[in-house]
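The values are calculated or read from the model by the stated rules, or taken from the named source; none is laboratory data. Everything numeric here is computed off the predicted structure, so don't read it as measured data. Ideal geometry is used to build each Cβ from the backbone, glycine not excepted, and the neighbour counts take in all protein chains shown.
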């Protein structure tokens with residue numbers, strides 16, 4: 001059905017739904033850029049602009065389809081009010097909806113009769129619904145393998161041999177990872193599925209293919225997924241993202257948001273109703289301890305606030321702060337509203353309390369004396385971080401942050417160098433630049449000697465700092481200060497600390513690396529004048545990437561001085 005939706009009709013529906021002009025313009029731009037062509041004997045014909053259909057695989061498409069499907073539902077309901085719907089197989093009333101019949105608690109013979117009446121085939125769970133598998137039982141991991149296949153299918157359609165590593169990193173972050181957002185927001189993914197999904201993402205980054213071997217990976221995948229300011233490339237960790245998006249679902253239930261699905265869940269899974277613990281509900285219950293640990297409660301009514309597990313007091317969660325008293329508790333799931341239902345603190349506890357529990361109860365009673373609950377819904381915010389709103393992005397940063405400061409990480413990202421150069425410097429920081437010493441250590445070369453120096457090992461320090469081939473270039477770029485490492489390079493370049501200095505560091509290392517490769521693979525001589533000219537040519541392009549109002553005069557003047565004889 002999604003390929004039949006008219007773009008103009010969708011825009012009108014969005015307008016009536018109250019979507020702003022900017023959002024509608026984005027959607028029109030996204031959908032109207034779709035084109036198709038007909039292959040005739042292997043020769044593509046002229047491009048045909050698409051006026052109907054949603055983009056397959058786009059994370060927004062299922063949501064846009066739901067909006068249009070709701071309109072179709074309302075049209076059918078209004079039409080049925082005036083005239084009953086006829087059988088879908090009647091000649092004068094064709095039904096365009098393709099559907100299947102999945103029997104639940106129906107004997108097979110009766111299911112066949114019902115399917116014959118409805119005019120549809122009999123099927124079984126799991127079923128595909130809105131692009132995701134739907135089942136009345138826990139989904140097996142094999143059913144979710146389609147997610148990995150979906151990611152893999154994107155890669156062969158791209159001309160990856162024309163992309164550098166920076167371009168491949170951009171596609172991994174913006175396209176391949178985005179293919180999974182819809183699924184990770186709705187389903188808990190098992191580790192086996194995450195490993196299969198990471199396989200094409202890893203292959204795309206390091207090799208430009210759906211798979212790669214260990215020799216293709218210059219840095220461990222765990223380091224790739226770290227935050228940029230903690231030494232990583234910032235590639236999304238699917239497991240953590242899955243947890244954060246599901247925590248948003250828990251937050252909507254805890255915050256008391258008034259929407260149909262949340263009301264339905266609260267109706268069936270209240271403490272008074274003994275509903276069957278479905279896999280989805282078990283998943284939500286499993287995330288509750290983590291949710292309580294990363295959020296704090298702005299207390300008001302206390303209806304949805306756990307007395308023992310939520311962080312609503314100054315001492316933190318009470319089951320940690322008062323372990324002796326908690327061990328005597330008879331109702332660990334009690335809410336704050338239930339504990340203060342009589343206007344004062346009343347807890348269901350065992351008859352005989354230990355001395356430690358009595359002391360903790362007395363202290364708690366004194367601390368909470370005079371507490372009065374309000375009538376409004378409780379508020380929630382993150383326990384720490386720059387952004388306290390409960391958002392998936394803030395949750396992801398909180399769960400991924402380890403607190404480890406990585407040297408030179410600011411240099412890596414606070415500059416206006418292209419992404420491919422940033423990735424090059426990131427690999428250099430991890431000590432995995434493919435020098436001859438590195439390749440010799442992995443058995444790819446017979447010798448680790450520098451091709452330009454007799455008897456010298458070509459490691460990263462020799463290649464970029466101490467090789468006689470670039471000694472005169474370093475004297476011109478950093479007069480009066482020897483260069484032996486990135487730290488010494490920061491001190492030697494005559495530029496102010498900040499974006500300009502960081503860009504200069506990456507520029508010098510990049511042109512030295514490129515000149516070395518041209519001499520080895522293209523047999524083109526690269527003297528200090530050639531390296532200086534290459535630096536000036538690269539910088540002329542890089543300054544266009546600088547932030548607006550950034551004064552680049554200092555670095556341009558410094559770079560021009562390299563070319564002065």
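One table, with the values for the structure above:
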quantity: Single residue of 441, 431 found to be free of Cβ contacts under 8 Å to residues at least 40 places away in the same chain and touching a helix residue (DSSP H, G or I) at 6+ places or on another chain (Cβ under 8 Å); calculated: 431
quantity: Filtered residue count, segment 327-340, keeping only those that are part of a loop (DSSP other than H, G, I, E, B) and under 14 Å from residue 369 (Cα atoms); calculated: 1
quantity: Test: residue in segment 248-255 that is over 30 Å from residue 413 (Cα atoms), at pLDDT 85 or above and crowded, with 20+ Cβ neighbours inside 10 Å; calculated: yes
quantity: Count of residues meeting criterion [at pLDDT 85 or above and either not assigned by TED's automatic domain parsing to the domain that holds residue 208 or not in a helix (DSSP H, G or I) (or both)] in segment 154-176; calculated: 3
quantity: Segment 466-481, residues that are closer than 15 Å to residue 491 by Cα, free of Cβ contacts under 8 Å to residues at least 24 places away in the same chain and either part of a helix (DSSP H, G or I) or touching a helix residue (DSSP H, G or I) at 6+ places or on another chain (Cβ under 7 Å) (or both); calculated: 474, 475, 478, 481
quantity: Tabulated pairs, segment 11-39, first free of Cβ contacts under 8 Å to residues at least 24 places away in the same chain, second in a strand (DSSP E or B), C-beta under 6 angstrom, 6+ apart or interchain; calculated: 35/49; 36/48; 37/44
quantity: Residue, surrounded by the fewest Cβ atoms within 10 Å (Cβ to Cβ), within segment 490-514, restricted to residues that are free of Cβ contacts under 8 Å to residues at least 40 places away in the same chain and farther than 16 Å from residue 409 by Cβ; calculated: 491
quantity: Conditions (1) outside any loop (DSSP other than H, G, I, E, B); (2) modelled with pLDDT under 90; (3) buried (at least 19 other Cβ atoms within 10 Å of the Cβ); number of the one not met by residue 390; calculated: (1)
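Yes/no matrix, rows are residues, columns are (1) surrounded by 15 or more Cβ atoms within 10 Å (Cβ to Cβ); (2) modelled with pLDDT of 90 or more:
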{"residue": "111", "(1), (2)": "yes, no"}
{"residue": "116", "(1), (2)": "no, no"}
{"residue": "139", "(1), (2)": "yes, no"}
{"residue": "148", "(1), (2)": "yes, yes"}
{"residue": "191", "(1), (2)": "no, yes"}
{"residue": "196", "(1), (2)": "yes, yes"}
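A quick yes/no check of all residues on (1) outside any helix (DSSP H, G or I); (2) touching a helix residue (DSSP H, G or I) at 6+ places or on another chain (Cβ under 8 Å); (3) exposed (fewer than 10 other Cβ atoms within 10 Å of the Cβ):
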site: 8; (1), (2), (3): no, no, no
site: 12; (1), (2), (3): no, no, no
site: 15; (1), (2), (3): no, yes, no
site: 18; (1), (2), (3): yes, no, yes
site: 22; (1), (2), (3): no, no, yes
site: 31; (1), (2), (3): no, yes, no
site: 46; (1), (2), (3): yes, no, yes
site: 55; (1), (2), (3): yes, yes, no
site: 58; (1), (2), (3): yes, yes, no
